[in-house]
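Enquirer: One structure is given below, represented as structure tokens, and several questions about it will come after.
What follows draws every value from the coordinates through simple rules; no lab data is involved. The model shown is predicted, which means the values in this text are computed figures rather than measured ones. Note: ideal-geometry Cβ built from the backbone for every residue, glycine included; neighbour counts use all protein chains shown.
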Amino acid sequence: MRRFFLSLLSLFLSSSLLAQQPFETGVSLPGKKTKLAVVPEVFAVETGDYFRVAFTLDLKPKYHAYYKNGGASGFPPSITWKLPEGFTAGELQFPNPDLIKSKEGVVTYGYEGKVTFLAQIEAGEELKVGEEHSFEGKLSWLECDVQCEPRDEAFSFVVKIGEETEFIENEEQFFAEVGEKMPQDSSAWGGLASEVQNKIRVEIFQPEGFVVQPPVYFFSTDQQVDSQAEQEVEIKEGKVILTLARNLGNEGLAIAAGEVKDSLSGLLVFQNDLGEASVELEFPLAADAGASAGGGHLSAFVEATEEDRKAGLELYDVEARPEVVLLGGAKEKKVTFFSSLGLVFLGGLILNLMPCVFPVLGLKVMGFVSQAGEDESKIKVHGMVFGLGLLIAMWVLAAIIISLKLDWGQQLANPYFLATMIIFFFLMGLNLYGVFEVGTSMTGVGGELQAKKGYSGSFFSGVLTTLVATPCSGPFLGAAMAFALAQPPVKAFVIFTVFGLGIASPYILLSFFPALIKKLPRPGAWMESFKQIMSFFVFATAVFFMKGYLKLVGDSHFNIFLFALLLIGLGAYIYGRWGTPMIAKGKRLVTGYGLATVLVLSGLTWAYSTSKPPKPGLAWNEWYPGVMERSRPKKRIVWVDYTADW
């Protein structure tokens, strides 16, 4: 009977506790308190390796903990470590949060039920195998329902130093499942954002072949986005467009206004074919960056300010030069002024065999062949004039490069210059093949250099050689040219001059030893075949330059450029077919000259309209000394696009 009355009393007390709404008073039901479990994934770790530790909160019913940004209120879990000497711990890693709405509609970012956080610990190289180390710490968190309770709990575990890292077999599946709930690698993602009238428009570019499915939500981590406002989401092919409200603060909910920054960071949570996934992103946030109230394209290039450059220079030693170590371990020998002269002269000699210069070499050799029966003194003068043209062009180019502080060959990174060179060689190839013939006044500059008897032909062929030689010099003249550009102007000019002499030396040598020319075959019908064969080498040079042009202007612009070349070629064909003196004057003027001119000019206009970069997907910023050093403390992922396809 006594046991029966005790059972009734227990039932009554339990009912009373439930009726008192314990979450309002902070009273917890027996057996329903939040529990913390701390589990390392290894029992032994190799020196220099790392391991993860899982912190699992099993929250009591109706209570929640908070994400990095709590939304309306709250602070996230944090760890205070007491690490053994030789170990370092990374920041606490948070899984994908949930949107938690109260009865009043207040939105918080957090977790209910069971949630696991991760921390990564790295073992130093100086640790000794066989040692056991005890790890201690305290996890602090805030759990809330109607009222909030700050909690903290101490923990400890032991890990030894082994010959290799040994995982706890029973925990491998657990850590694999926890890892799937963590943010994925975001290195292949990009984005940009602009703000107009407190509305932040974000374009996020996903990797090729990646599928983002709704629902999509952006959890702000820097508190610039209003957590209480609805988010507008638009999913297009290859990108996600979000319209977010700026966090201006909310006095009723005690939400402070977010600090206005030049970047936006947060967690993008979405669905894909495998379920829920997420990526942590950070990208530039520009005010009125080419956007309007009605929406518009966002600028993808941000000019660095003078303040940026000055701040960068304070962190960046512009005079520092990295020490170059060869694959064998030996240090690379420094280039001196006199050693650079030998390098550039040898490089100039070799350039005559490179694909950029070889067509010009063939054209000029044909010119020597056609003049083999002339006075030997004239042949010498032709060689000297050729060398003079080459040197003058080299001096002009060097003056521009040195005065503007450009890198060697940088003119080939200009899309307008590249387009001109491609069109020039394309027309030269058509001319050599016989599609059209130019007048004698143009032969010294165009494709008929071998038929020009005047000295202007030799002069302009030297100029042409300089223009096309610079992109080929990079592979073996980089160090010497970099050294030249670091020298005073006089020394730099001497180095460029020796380079030009190296290019011109084979031609001058032929002109001073005419016996070598006389041993060449006599002019004849074979020269027409040789001329047509040479046209394919000229076309090859145009194709060589096209690769760099494609990289500069993009696929869509390059495709248009090819059609523009086709139009120019059609105009050249019409000129060659109906622009000769044998055609009737009226037809020659209307078709051979008029129509051909219209087609060529239209093609040129169309071609040059493509000589600009396309609107890129990523938000590229201008590089300046120190930008990397300034970005690291902000924990930004920085992509450096440094190419030299030409």
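Enquirer: With a point put 7 Å past each Cα toward its Cβ, work out how far Gln213 is from Thr243 in nm, to one decimal.
Expert: Spacing of the two 7 Å Cα→Cβ label points: 2.6 nm.
Enquirer: Loop only by DSSP, 11 or fewer other Cβ within 10 Å of the Cβ. Give me the trypsin sites (Lys or Arg not before Pro) in the stretch 105-173 that pass, ordered by residue number.
Expert: On the way: sites: Lys114, Lys128, Lys138, Arg151, Lys160; in loops: Lys128.
Here the sparse-neighbourhood loop sites are Lys128.
Enquirer: Shifting gears a bit: Shape call for the stretch 190-300 from the C-alpha gyration tensor, a ≥ b ≥ c root eigenvalues: rounded (a/c under 1.5), prolate (a/b greater than b/c) or oblate? All intermediate terms of the calculation are to be shown ahead of the outcome.
Expert: Details: a/c = 1.97, a/b = 1.29, b/c = 1.53.
The shape class here is oblate.
Enquirer: Are there GluC sites (Glu not before Pro) in the stretch 93-185 that DSSP marks as loop and that have at most 14 other Cβ atoms within 10 Å, and which are they?
Expert: On the way: sites: Glu104, Glu112, Glu122, Glu125, Glu126, Glu131, Glu132, Glu136, Glu143, Glu153, Glu163, Glu164, Glu166, Glu169, Glu171, Glu172, Glu177, Glu180; in loops: Glu104, Glu125, Glu126, Glu131, Glu163, Glu164.
Loop-located and lightly packed - Glu104, Glu125, Glu126, Glu131, Glu163, Glu164.
Enquirer: Please give the net charge around Pro207, taking every other residue with its beta carbon less than 12 angstrom from that of Pro207, where Lys and Arg add +1 and Asp and Glu add -1. Mind dumping the intermediate values first?
Expert: Numbers: positive: Lys239; negative: Asp185, Glu208.
So the environment of Pro207 carries a net charge of -1.
Enquirer: Which pairs break 31 Å Cα to Cα here: Lys68/Lys612; Lys181/Lys547; Lys378/Lys491; Lys35/Lys128; Lys103/Lys138; Lys82/Lys181?
Expert: Values: Lys68/Lys612 42 Å; Lys181/Lys547 43 Å; Lys378/Lys491 33 Å; Lys35/Lys128 35 Å; Lys103/Lys138 33 Å; Lys82/Lys181 27 Å.
Pairs exceeding 31 Å: Lys68/Lys612; Lys181/Lys547; Lys378/Lys491; Lys35/Lys128; Lys103/Lys138.
Enquirer: Rounded, prolate or oblate, given the Cα gyration tensor of the stretch 536-616, with a/c below 1.5 counting as rounded?
Expert: The shape class here is oblate.
Enquirer: Taking the Cβ of each residue in Met421, Met546 as the centre, tally the other Cβ atoms inside 10 Å and list the residues starting with the fewest.
Expert: Fewest to most other Cβ atoms nearby, the residues stand as Met546, Met421.
Enquirer: Which of the three applies to the stretch 112-195, rounded, prolate or oblate, going by the alpha-carbon gyration tensor with a ≥ b ≥ c and a/c under 1.5 meaning rounded? Write out the running numbers ahead of the final one.
Expert: Values: a/c = 2.05, a/b = 1.28, b/c = 1.60.
Oblate.
Enquirer: Same structure, new question: Taking the Cα centre of each part, how many Å lie between the stretch 48-76 and the stretch 196-210?
Expert: 28
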